[in-house]
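Taking it in order: structure first as structure tokens, then the write-up.
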């Protein structure tokens, strides 16, 4: 029985899922950088974060973090119209982008881990805040570059301890 | 035609693809989840339903099950358009009566090809 998923496997799944979306529905360039592991609380964020939860025999979270400018670019590419500032359309588009990427990552891992469920995405937009998933030892972070914009996707997944009792707790958002 | 998805972005994209493809299915209606879809179907007659699976209130599998159990709607073709890519989910939807399955992310061509094979 598998007891861990390596960061290399997570990064590979994130890259595959992201490339698929960017080459089909978004048609934006995508350049990935080497992944890294994040073991301490992430830096405070100014911008947009989308969170999607994974549940089942394994528990986890996928997180997309980007600037307001790149969120507008994502929405513009997805909906084929320009956006100058973050509004409801932009937040909905970022939520759907995260849903499709993390959903594809989930599908890749289901071959190894069995059926997993996906939560409905949560999107946060603001300044000077942090997100934290209690009980998660580390995140695998894959930075991306799209023309001049840098953004990243993070993912953590760990075995569910016992039936109905998860090691990881729901994400929380802290204003700092 | 009825598009059922909790994402306004996906409803907008599918709407645009269907209009561009000039598919002769009449007016395109939208619903944000299974409950909303059942409400819309009380007043709107549709010839095809495109539905997501993961939605709040009532998901696409429950909506599919309810429609296929109802004489008034069981002949309406339903295509699932969803991020759910597992073989088990695909099989479940097809066994419940869905006529097709398109996984997100999709291209406009994939949607057109799928619908061309159904209409």
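The values are calculated or read from the model by the stated rules, or taken from the named source; none is laboratory data. Only a predicted model underlies this, so the values are computations on that prediction, with no experimental measurement involved. With ideal geometry, Cβ positions are generated from the backbone for all residues, glycine too; neighbour counts draw on all protein chains shown.
Data table
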read-out	value
Single residue of region A:24-50 satisfying the filter (surrounded by 14 or more Cβ atoms within 10 Å (Cβ to Cβ) and within 19 Å of residue A:89 (Cβ to Cβ)) that is nearest to the chain's Cα centre (by Cα)	A:50
Of residues in region A:127-161 being part of a strand (DSSP E or B) and more than 17 Å from the chain's Cα centre (by Cα), the one farthest from residue A:49 (Cα to Cα)	A:159
Test for residue A:22: is it part of a helix (DSSP H, G or I), away from chain B (no Cβ under 14 Å) and modelled with pLDDT of 95 or more	no
Number of positions in region A:107-121 that are facing chain B (nearest Cβ under 8 Å) and either modelled with pLDDT of 95 or more or assigned to a helix (DSSP H, G or I) (or both)	2
